[in-house]
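A.B. asks: Before we start, here is the structure in question, set down as structure tokens.
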Amino acid sequence: MIDNLKRIREPLTWAVIAVVAANIVLGIVHLVVQLQQSTPVYEAFQEIGSSLMNLTLVVAVVALVCTCFFIAPATRNALLVTRVAAGVLSVGVVLTLVCSALGVAASANPLGVAFEIVGTLLDLILKALAAGVLWVLMRGVNAGRIDTAAPAALPAPVEAEPEATADVPTVWQRSEASGAVWRTADEAATGVRGASRLPASETPGVGAIFRDEADQRGASDRDA
């Protein structure tokens, strides 16, 4: 289960960042719609000031980004995730500050204004701290001042299988044996290159061959 959580932490971080960004976009769309419906400007900004960026989601983004960096092995795109998350949170903090500042003017009660300012400042400080943590984390990792978990080791290169060795040639080839002469069968079997012809001293003459045949006929006639 732990391994499964490690595998999905980066996609989960991207998903939460997308939700935060979608809330910001929806808040801006809602503001535009209210302004088109002749809602007072300050009231429209006051309504979306506190709901433009959810603090729980902001904390979840920071926590998930830290898991991508500090739980071994660090994810491959941890730095990119941090940069995108820091940018989205920074935009949300600026828009929340603008909307909250304009929304304070909609309160007529001085005591209500004071409480609203305190609550807004606390919310903004927490969200600004979250964005600041991400920027500091990113700069510290880039500068080498923050030690993170080692990334996943790349798979070892697959060694090429050795090529099949060529078939061991036979002791002698037909082309080498054609027209060749050996003194004994052992020489032919051991691969000794055959001679094109035997030396004249070892070559039996034609007359000797006929004499051997005549001797063999005479021996057979005597036996008969």
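The values are calculated or read from the model by the stated rules, or taken from the named source; none is laboratory data. Keep in mind it's a predicted model, so treat the numbers as computed, not measured. Counting neighbours? That spans all protein chains shown, and the Cβs are built from the backbone with ideal geometry, glycine included.
A.B. asks: Looking at the stretch 68-94, which of its residues are more than 15 Å from V136 (Cα to Cα) and modelled with pLDDT under 90?
C.D. replies: C68, I71, A72, P73, A74, T75, R76, N77
A.B. asks: If we scan the stretch 1-8, do we find a residue that is of a type outside the set (D, E, K, R), at pLDDT below 85 and either under 27 Å from I117 (Cβ atoms) or not in a helix (DSSP H, G or I) (or both)?
C.D. replies: Yes; the residues of the stretch 1-8 include at least one that is of a type outside the set (D, E, K, R), at pLDDT below 85 and either under 27 Å from I117 (Cβ atoms) or not in a helix (DSSP H, G or I) (or both).
A.B. asks: Being surrounded by 14 or more Cβ atoms within 10 Å (Cβ to Cβ) and modelled with pLDDT of 85 or more is the filter here, so list the residues in the stretch 110-122 that pass it.
C.D. replies: None - no residue of the stretch 110-122 is surrounded by 14 or more Cβ atoms within 10 Å (Cβ to Cβ) and modelled with pLDDT of 85 or more, so the list stays empty.
A.B. asks: For the stretch 23-62, enumerate the residues that are loosely packed, with under 13 Cβ neighbours inside 10 Å and without any contact (Cβ under 8 Å) to a residue 24 or more places away in the chain.
C.D. replies: Passing the criteria: V25, V29, V32, V33, Q36, Q37, S38, T56.
A.B. asks: Continuing with this model, one more query. Out of V93, V65, V20, which single residue is in contact (Cβ under 8 Å) with a residue 12 or more places away in the chain, touching a Ser or Thr at 6+ places or on another chain (Cβ under 8 Å) and buried (at least 18 other Cβ atoms within 10 Å of the Cβ)?
C.D. replies: That would be V65, the only listed residue that is in contact (Cβ under 8 Å) with a residue 12 or more places away in the chain, touching a Ser or Thr at 6+ places or on another chain (Cβ under 8 Å) and buried (at least 18 other Cβ atoms within 10 Å of the Cβ).
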